[in-house]
Amino acid sequence: MVAVPYSKGCRTCIQRRVKCDETRPNCRRCELRGIQCPGYRKPLTFVVSTPSDSRTPAGPTYRSATRSAHSQKSNASRSVTKRGGCSHNTVDELIAPSLVEKTLAAQGVETLGFFIDATVPGLYYMYSTRLSVNWMDFARRHVESTLDPFIWSLRCLGTLHLGMKHQDQDTIASSRSMYSRGLQGLHSLLRRPRFVRSDMTLAIAVMLGIYEMMDPITPQSWLTHSSGIATLIRLRGPNAHRGGFGRTLLISFKSFIVADALIRGEACFLAEPAWQLALTDTLAAESGNGKGSQLCDLVELIFAEITKCPGLYARACAIIKNNETDHSMFETLRQEATRSKRRLQYLNDQLESVVPVSLDSEALRDKPDLIGLIPVSVAQKSRTFAGHGAQSALALLDQVIVLTESDHHRLFTDSTMPTLPVWDVLPAPATTHYMTMDKEETLANRLPAWPDQLALSMGMLAVKDS
């Protein structure tokens, strides 16, 4: 239904409530007052009409339409105020209330990129060109049509980055509020069966887990998240992580799963045959697509062997702690540790011989497939930390072998022999050193932040020699 005022005068005369002479194109009253005549075209107010409204007289209908328009505007204003927490409404908020939310969501994606550059650049750029869907691709694809917990997870990481970069405690506090909302949303998703195994749910959990590493409540509070993420990944099964974004999610958190298992003194499920097969099969597939490199292939093979270390370490501790007298258990453990050490030593030798310590332009010119599409600075750091991880794993296996080579009687009666492995956990520090990416900084002239170091070392920085 359309309501139109009865007067045929210009809009100025109607507002002044005086009789208009209706002279065209401009009325004489406006000319005599020296103002621009607005003309005679009337604004139209559209109102949803019902059958009962059609019987209402014209005069009341116009007043009803006016009240309805004001009511709609008031409702829109209240909804925007409630959603955005702001008492002042812009034209954008009144016409398209979701416009502000979409803008903030898009900004959240870009700040996620800044967070990656400052926190896990080595891990991200080591695999970003190798994977079919990286984190930025996934975030941009789902930011406008996704669940609220995903948006809050994006925002909390980006806001934390800005707060830490500028040492702004208020901004950091805001990121914690967003983190809390993301956690609440994740909890809700986990109670809905159709979302439990989805890529989106696992992506939210991974982002919140990384947040907890960077802004921990306690030095080891991140372990609570890593254990839950490991459970989700294991529940999804190895086939869900052979390709697509599922592969990206596994790559993003696999080193932290190993570290979690080492700290807890438990076997890592990634050492199970089905998961080992999934880890190695994807190497051939990615190499066949032209996305492989010698460095990344060697790092992945070393990681597959390192996943066995937590289980061997846990079994050695359990045998000694329980005063086990079955000699066959010691011998079985010794043989498995020896085989794993030989394989790991071979792969580490390959890494040292194939990939030089200094990746100069001459070495890369002679071997174009040495690092593939990986940036040189990232390849340099990845090679260094992968070497550290392999050496730590070899040292840990050496100790397991030493503790299981002697027979069980001598192991527990000779006071010169240690009764437990002299290894300890190295939790995340209470205040992690957070590296920022300023304009003059590049990946080549700065060290990665703590999560990146742990990821590039394949989780082996989680143990230290006491």
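Can you work out the base-10 log of I(q)/I(0) for region 145-188 at q = 0.20, 0.32 1/Å, using the Debye formula on its C-alpha atoms alone? Values returned for q = 0.20, 0.32 Å⁻¹ are -0.55, -0.99. Length gained on full extension, Asp148 to Arg339: 63.9 nm, using 0.36 nm per residue less the C-alpha separation.
Residues in region 127-136 carry Karplus couplings, in order, of 10, 4, 7, 7, 8, 6, 9, 8, 5, 5 Hz; the curve used is 6.51 cos²θ - 1.76 cosθ + 1.60 with θ = phi - 60°, and Gly or Pro positions show x. For Asp137 and Arg194, a Förster radius of 35 Å and the Cβ-Cβ distance give a FRET efficiency of 0.90, rounded to the nearest 0.05.
Look at the alpha carbon pairs under 8 Å that are at least 6 residues apart: their mean separation over the length of region 98-264 gives a relative contact order of 22 percent. 3J(HN,Hα) couplings calculated from phi for region 337-344 with the Karplus curve 6.51 cos²θ - 1.76 cosθ + 1.60 (θ = phi - 60°) are, in sequence order, 5, 5, 4, 5, 5, 4, 5, 5 Hz; Gly and Pro show x.
Its residue count N fixes a reference of 2.2 N^0.38 Å for region 98-264, and the Cα radius of gyration divided by that reference is 0.98. The heavy atoms of Tyr127 offer some 10 square angstrom of accessible surface to a 1.4 angstrom probe. Pairwise alpha-carbon distances in region 253-336 exceed 14 Å for 68% of all pairs. Ellipsoid semi-axes for region 329-389, based on the Cα gyration tensor and the rule √(5λ), read 32, 11, 8 Å when sorted largest first. For the peptides 219-225, 19-25, 380-386, residues were scored by their other Cβ atoms within 10 Å and the scores averaged per peptide; the highest-first order is 380-386, 219-225, 19-25. For Ser457, no residue 5 or more places off, or on another chain, has a built amide H under 5 Å of its own. Cα-based values for region 105-171, radius of gyration first and Dmax second, are 12.5, 38 Å. Ranked by the mean number of other Cβ atoms within 10 Å of their residues, highest first, the peptides 263-275, 191-203 come out as 263-275, 191-203.
Amide H to amide H distances under 5 Å link Asn134 with no residue, where only residues 5 or more positions off or on other chains count and H is placed in the peptide plane.
Taking 0.36 nm per intervening residue step and subtracting the Cα-Cα distance, what contour gain separates Arg28 from His166 on full extension? Each step should come with its number before you reach the end.
Working: separation 138, 0.36 × 138 = 49.68 nm, distance 6.28 nm.
This chain segment gains 43.4 nm when fully extended.
Normalising by residue count, region 192-292 has a Cα convex hull of 107 Å³ per residue.
The values are calculated or read from the model by the stated rules, or taken from the named source; none is laboratory data. All values reported here derive from a predicted model rather than from experimental measurement. For neighbour counting, all protein chains shown are included, and Cβ atoms are generated from backbone atoms with ideal geometry for every residue, glycine included. Side chains are part of the model used for accessible areas, which takes the heavy atoms of the whole protein and leaves out ligands, DNA and RNA. Shrake-Rupley method; radii C 1.70, N 1.55, O 1.52, S 1.80 Å.
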